[in-house]
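The values are calculated or read from the model by the stated rules, or taken from the named source; none is laboratory data. Quick caveat: nothing in here was measured; it's all calculated off a predicted structure. Glycine also receives a Cβ, built like all others from the backbone with ideal geometry; neighbour counts cover every protein chain displayed. Side chains included, ligands, DNA and RNA excluded: accessible areas come from the protein's heavy atoms. Shrake-Rupley method; radii C 1.70, N 1.55, O 1.52, S 1.80 Å.
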Amino acid sequence: MVSMKKTRKTFIICFIISFLLWFFPFIIRILFIDTIDKLIHSSADEQHTTLNIVAEITEHLNNNDKWSAFCLVFFNNLKVCFINIFGGILLGLGTLVSLIVNGFFAADTFVTLHQNGMSINKILAHTLPHSIELIGIWLSGAIGLNIAKIFIDMMKNDITPTYLTIKFLLLMSLIMTLIILIASYIEIYISIK
């Protein structure tokens, strides 16, 4: 039987790991701009998808269709969170890859904006107000890593998760969804004028 205290401790550890899995590629991308630029152009499919989403959001905003832009941002971020959560079923491999890729491409967005002439202060002014979405993404990573741990415990030790553990992870999923919802609202209706 796993206590609630141990469940919370495990979740906090998974949250820190989730943050680090996102943060290290983010920093690497920022620090090694020129070297990585050559690699990115060889794997342009991921970047192209990201640019398509940004282009769609911009198009909706140019047409004064903030609701569609909001939905696009919300569901795109929610998709990332679901990939993180359900990546836990693959023993955390899907979560691991998703966090690394998202950290890298978040930094790539910063780098691209800066290379196109936007100052660091302006980039931060536009992104910091809604960057709470990152907390939602890291929470989803922690949930996915917790699910991976549950599966590993079930295989190794024949330990099934308690009702409280499942309830806790569902609560964290609800909090994650609310954070993503609020961040999407801030991004479209407050940050972008």
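So how much accessible area does residue 3 have, in Å² to the nearest 10, using a 1.4 Å probe?
Here the accessible area works out near 60 Å².
Of the labelled options (1) 245; (2) 155; (3) 122, which one gives volume of the Cα convex hull per residue in Å³ as computed for this structure?
Recomputing volume of the Cα convex hull per residue in Å³ here picks out (3).
Mean Kyte-Doolittle of at least 0.5 plus a Cα span of 20 Å or more along the axis: flag which DSSP H helices in the chain meet both, please.
Flagged H segments are 4-31, 66-86, 93-115, 133-157, 163-185.
Mind putting a number on the dipole of the chain about its Cα centre? Charges go on the C-beta only, +1 for Lys and Arg and -1 for Asp and Glu, and I need it in Debye to the nearest 20.
Here the size comes out at about 840 debye.
Restricting to Cα atoms and excluding each atom paired with itself, what does the Kirkwood estimate give for the stretch 143-193 in Å?
The Cα-based Kirkwood calculation yields 13.0 Å.
Projecting each Cα onto the charge dipole of the chain (Lys/Arg +1, Asp/Glu -1 at the beta carbon, about the Cα centre), which of 164, 191, 18 comes out farthest on the positive side?
With unit charges placed on the Cβ atoms, the residue in question is 164.
Could you pull out which residues in the stretch 115-130 have an amide N less than 16 Å from a spot 7 Å beyond the Cα of residue 185, following the Cα-Cβ vector?
From the stretch 115-130, the list is 129-130.
Sort the following peptides by mean Cβ neighbour count (other Cβ atoms within 10 Å, averaged over residues), highest first: 155-163, 177-185.
177-185, 155-163
Counting only heavy atoms of the protein chains, get the accessible area per residue of the chain (1.4 Å probe) and round it to a whole Å² value.
On a per-residue basis, the chain sits at 59 Å².
Do any of 79/156; 9/167; 5/79; 9/79 go past 24 Å between their Cα atoms, and which?
Violating the 24 Å Cα-Cα cut-off are 79/156; 5/79; 9/79.
With the cut-off at 18 Å, report for the stretch 89-193 the share of all Cα pairs above it, as a whole percent.
61 percent
Roughly speaking, what is the stretch gain from residue 156 to residue 86, that is 0.36 nm per residue apart minus the C-alpha to C-alpha distance, in nm to one decimal?
So the chain would gain 23.2 nm between residue 156 and residue 86.
Tell me the carbon and sulfur percent of the accessible area for the chain, rounded to whole percent, probe radius 1.4 Å.
Solvent-exposed carbon and sulfur of the chain make up 71 percent of the total.
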